[in-house]
1. Lys111 versus (1) within 25 Å of Lys20 (Cα to Cα); (2) at pLDDT 95 or above; (3) of a type outside the set (A, V, I, L, M, F, W, C); (4) in a helix (DSSP H, G or I): which is the lone unmet condition?
2. Select from region 32-62 the residues that are open to solvent by 20 Å² or more (accessible area, probe 1.4 Å), in contact (Cβ under 8 Å) with a residue 40 or more places away in the chain and in contact with a strand residue (DSSP E or B) (Cβ under 6 Å, 6 or more places away or on another chain) and list them in ascending order.
3. Restricting attention to region 63-78, does a residue exist that is assigned to a helix (DSSP H, G or I), touching a residue at least 40 places away in the same chain (Cβ under 8 Å) and open to solvent by 20 Å² or more (accessible area, probe 1.4 Å)?
4. Restrict the check to region 167-185 and report whether at least one residue is modelled with pLDDT of 95 or more, over 24 Å from Phe50 (Cβ atoms) and in contact with a Phe, Trp or Tyr (Cβ under 7 Å, 6 or more places away or on another chain).
5. For region 140-188, give me the residue count where each residue is among the hydroxyl-bearing types (Ser, Thr, Tyr) and surrounded by fewer than 13 Cβ atoms within 10 Å (Cβ to Cβ).
6. Go through region 85-130 and count every residue that is touching a residue at least 12 places away in the same chain (Cβ under 8 Å), over 30 Å from Lys185 (Cα atoms) and open to solvent by 50 Å² or more (accessible area, probe 1.4 Å).
7. Of the residues in region 114-146, how many are modelled with pLDDT under 95 and either closer than 12 Å to Ile180 by Cα or within 14 Å of the chain's Cα centre (by Cα) (or both)?
Amino acid sequence: HPETNVVEMDTVVGCEGSRKVLLTLFFRSCKLMLIYLLPDKTATSVKKTFDHLEEKMSPIGFYNTFPVILTDRGTEFSNPEGLECGIDNTIRTSIFFCDPMASWQKPGIEKNHEYIRSVLPKGSSFDKLTQWDVTRLANHINSTARASLNGRTPLELAQLLLEKHALNAFGLREISCDDIILKPKLLK
């Protein structure tokens, strides 16, 4: 249907030798970005994150929140059936892949990764990070007002566009504009 919320999905890797990676999910409609810390860059870790979200949201809640996911052909997304099929073997989402070498087909998430890199520059190790750290990072990013949202924040818009149980499952909270830190010291 026309209001289908397309969610862009990608991963952000740390320095060479860093095992942990960040799984990012970006809602085009409101520019909200979710960040999940994975123990490694595998299809199994991505599926476990989807399963965990589905458990928190319910199968229908997951389907309503993530009806269409657009990603690249990274090895961590190499099991689309495992991601599309939920815990009870019902379809929970539809995965579509960008064309090879066409990251411009998911521009929102690529642009939003700049916020992550302002706090965790290229060459940073993610191995000492916890999920609490990356949720804190997501809170600061999603509380940053955007000119493209008429001065609103992604979190403000998400509260209008996404279902309340989904937002509760994400565990995000608004950070006052005076308290936003998008520099490495946020996670020190």
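1. Going through the list (1) within 25 Å of Lys20 (Cα to Cα); (2) at pLDDT 95 or above; (3) of a type outside the set (A, V, I, L, M, F, W, C); (4) in a helix (DSSP H, G or I), Lys111 breaks only (2).
2. Listed by number, the list holds a single entry, Tyr36.
3. So the first thing to find is which residues in region 63-78 are assigned to a helix (DSSP H, G or I), and the list is 63-65, 75-77.
Retained after the next criterion (residues that are touching a residue at least 40 places away in the same chain (Cβ under 8 Å)): 64-65, 76-77.
Okay, now just the ones that are also open to solvent by 20 Å² or more (accessible area, probe 1.4 Å), so 64.
Taking every residue of region 63-78 in turn, at least one turns out to be assigned to a helix (DSSP H, G or I), touching a residue at least 40 places away in the same chain (Cβ under 8 Å) and open to solvent by 20 Å² or more (accessible area, probe 1.4 Å).
4. Yes - at least one qualifying residue is present in region 167-185.
5. At the first step, the residues of region 140-188 found to be among the hydroxyl-bearing types (Ser, Thr, Tyr) are 143-144, 148, 153, 176.
With the extra rule that they be surrounded by fewer than 13 Cβ atoms within 10 Å (Cβ to Cβ), the set shrinks to 148, 176.
Going through region 140-188 one residue at a time, the tally reaches 2.
6. 7
7. Selection size over region 114-146: 0.
Okay, residues lined up against (1) within 14 Å of the chain's Cα centre (by Cα); (2) closer than 26 Å to Thr153 by Cα; (3) hydrophobic (A, V, I, L, M, F, W, C):
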{"position": "Cys15", "(1), (2), (3)": "no, no, yes"}
{"position": "Phe27", "(1), (2), (3)": "yes, yes, yes"}
{"position": "Asp40", "(1), (2), (3)": "no, no, no"}
{"position": "Tyr63", "(1), (2), (3)": "no, yes, no"}
{"position": "Glu81", "(1), (2), (3)": "no, no, no"}
{"position": "Cys85", "(1), (2), (3)": "no, no, yes"}
{"position": "Asn89", "(1), (2), (3)": "no, no, no"}
{"position": "Pro100", "(1), (2), (3)": "no, no, no"}
{"position": "Lys106", "(1), (2), (3)": "yes, yes, no"}
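The values are calculated or read from the model by the stated rules, or taken from the named source; none is laboratory data. In this text, all values refer to a predicted model and were calculated from it rather than measured experimentally. Quick reminder, even Gly has a Cβ in these numbers, built from the backbone with ideal geometry, and neighbours come from all protein chains shown. Surface accessibility is based on the protein's heavy atoms, side chains included, excluding ligands, DNA and RNA. Shrake-Rupley method; radii C 1.70, N 1.55, O 1.52, S 1.80 Å.
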